[in-house]
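Worksheet for the structure shown next.
The values are calculated or read from the model by the stated rules, or taken from the named source; none is laboratory data. The shown structure was predicted, so the numbers you read here are calculated from the model rather than taken from an experiment. Note: ideal-geometry Cβ built from the backbone for every residue, glycine included; neighbour counts use all protein chains shown.
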Amino acid sequence: MKQIPNFLTSFRLLVIPILILSFYIPGMVANVVVAVLFAIAAITDYFDGYFARSLKAQSNFGRCLDPIADKLLVIVAIVMLINFSNRDLWILTPGLIIICREVLVSGLREFLAELHVSVPVSKLAKYKTAVQMTAITGLLLGEKGSAYTLYYWLSGWSEMDIKFLLVSFVVFASKILFTLAAVLTVVTGYAYFRVGFKNM
């Protein structure tokens, strides 16, 4: 039982190569599979910490790899989405903002850790993570991150009515959520920059 947190962390790392390969496999099945795996991996981000605390199973393995798995999963997903989005600014701009923030905050955390200064995770940061993971899951469902898989499932329906509305809504909603995640990323990152500059 005490290996559950480490298993969940390892699962997130294993999803990464599958995520990368899915972008090179044509058809909707790969998109659906990787989106489901990403969503499960995002959920495990909460549960590995919960089980580690409840089972008193904190380990050096988890402390080291848990934040690495989180960052790698998100950054790799965003890089692949940007690469296959045909320069879509709704993906490119928020994606670059999120990646830059993750790198900068990781550096600040390491710097502050050496000074024995901790910055607690705020509720807003947790909301940011939820919005970010939801947005990325929605974008991964699209063919190469740009056209929603539901379009193919509803191929027998009228071209210009329900199918069009559903496809347009999901694509639009995912991109709006991705932009909102980028805004929340900047807001929540400010706490780290403020504490970091104060200790320089």
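Here is how the numbers come out for the structure above:
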quantity: Qualifying residue in the range 142-153 (condition: at positive phi and either out of contact with any His (no Cβ under 9 Å at 6 or more places or on another chain) or at pLDDT below 90 (or both)); calculated: yes
quantity: Restricting the range 68-79 to residues that are of a type in the set (A, V, I, L, M) and surrounded by fewer than 16 Cβ atoms within 10 Å (Cβ to Cβ), the residue that is nearest to L37 (Cα to Cα); calculated: V76
quantity: Any hit, the range 79-89, residues being within 16 Å of I20 (Cα to Cα), among the polar types (S, T, N, Q) and outside any helix (DSSP H, G or I); calculated: yes
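Residue-wise test of (1) in a loop (DSSP other than H, G, I, E, B); (2) of a type in the set (S, T, N, Q); (3) at pLDDT below 90; (4) exposed (fewer than 14 other Cβ atoms within 10 Å of the Cβ).
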site: I99; (1), (2), (3), (4): no, no, no, no
site: A113; (1), (2), (3), (4): no, no, yes, yes
site: H116; (1), (2), (3), (4): yes, no, yes, yes
site: K126; (1), (2), (3), (4): no, no, yes, yes
site: M133; (1), (2), (3), (4): no, no, no, no
site: K163; (1), (2), (3), (4): no, no, yes, no
site: L166; (1), (2), (3), (4): no, no, yes, no
site: K175; (1), (2), (3), (4): no, no, no, no
site: F193; (1), (2), (3), (4): no, no, yes, no
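Let's see how each residue does on (1) surrounded by 13 or more Cβ atoms within 10 Å (Cβ to Cβ); (2) at pLDDT below 90; (3) of a type in the set (D, E):
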{"site": "M1", "(1), (2), (3)": "no, yes, no"}
{"site": "F23", "(1), (2), (3)": "yes, yes, no"}
{"site": "R53", "(1), (2), (3)": "no, yes, no"}
{"site": "D66", "(1), (2), (3)": "yes, yes, yes"}
{"site": "L81", "(1), (2), (3)": "yes, no, no"}
{"site": "I91", "(1), (2), (3)": "yes, no, no"}
